[in-house]
Amino acid sequence: MSRPQTAPPPATDADRPGSGQVPGEPGIWLVVIADLVVFAVLFGMFLNYRAEQPALWAASQAKLTAGFGFANTVILLTSSLAVVAAVNATRLGRTVDAGRAFAAAMGCGLVFVALKAVEWTLKARDGVVPDTNDFFAQYYVFTGLHLLHVLVGLTALLFARRIARAGAHGPHDQGLVQSAAIFWHLVDLLWLLLFPIVYFVH
């Protein structure tokens, strides 16, 4: 038997259209800005190395499997849609729907982790490791940092799911759920930038 839905929580300023309230807890936006700055610097370094060694970059990119990248892109986009549904369900007090949507998003995240592990394993078997050349040193750094963000994001989603299933009472709980969602969307955004730059830019 499915668990009954709880009554919607009282509307907060963040729920009212035109309130001008920034979603999530204030600290999450500092994390977002800091991460974007760090990755912007790393991407700049990557493109600078590419400009200095275009032949090496082209030859190394040819060894990457774009299919893994495309699959992970679809997976993360799907997970972000699930997170949007989860946040909306939480706001409306639909605890069961919120729990299911968060679980679906986390499932997608775990598939991403599994595919990345398979991709790295296949590369290692082919002798492609971080010290192969400058390209692969940065490839493993970028994808490793992003994978770390995925793991942190999965933990945040798990925390948000527990709050949502408990009813997310009050604006603080709602803010925590929104903060987890914002971080997960950041994970998605970073991959949407990383994937074409690392796999395709010549």
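Read-outs throughout are calculated quantities, based only on the coordinates presented, and are distinct from any laboratory measurement. All values reported here derive from a predicted model rather than from experimental measurement. No Cβ is skipped: glycine too gets one built from the backbone with ideal geometry, and neighbour counts run over all protein chains shown.
Using only Cα atoms, find the angle between the long axis of helix 26-52 and the longest principal axis of the chain, and express it within 0 to 90 degrees, rounded to the nearest 10.
The two axes meet at around 10 degrees.
If you place +1 on the Cβ of every Lys and Arg, -1 on the Cβ of every Asp and Glu, and leave all else neutral, what size is the dipole of segment 24-199 about its Cα centre, to the nearest 20 Debye?
520
Using alpha carbon centroids, what distance separates segment 49-96 and segment 127-184, in Å?
What the calculation gives is 12 Å, centre to centre.
Once the dipole of segment 24-199 is set up with Lys and Arg at +1 and Asp and Glu at -1 on Cβ about the Cα centre, which of VAL129, TRP57, VAL113 lies farthest towards its positive end?
After comparing all options, I get VAL113.
Could you give the C-alpha radius of gyration of the chain expressed as a fraction of 2.2 N^0.38 Å, taking N as the number of residues it contains? Each step should come with its number before you reach the end.
On the way: Rg = 19.4 Å, N = 202, 2.2 N^0.38 = 16.5 Å.
In units of the globular-protein estimate, the chain measures up at 1.17.
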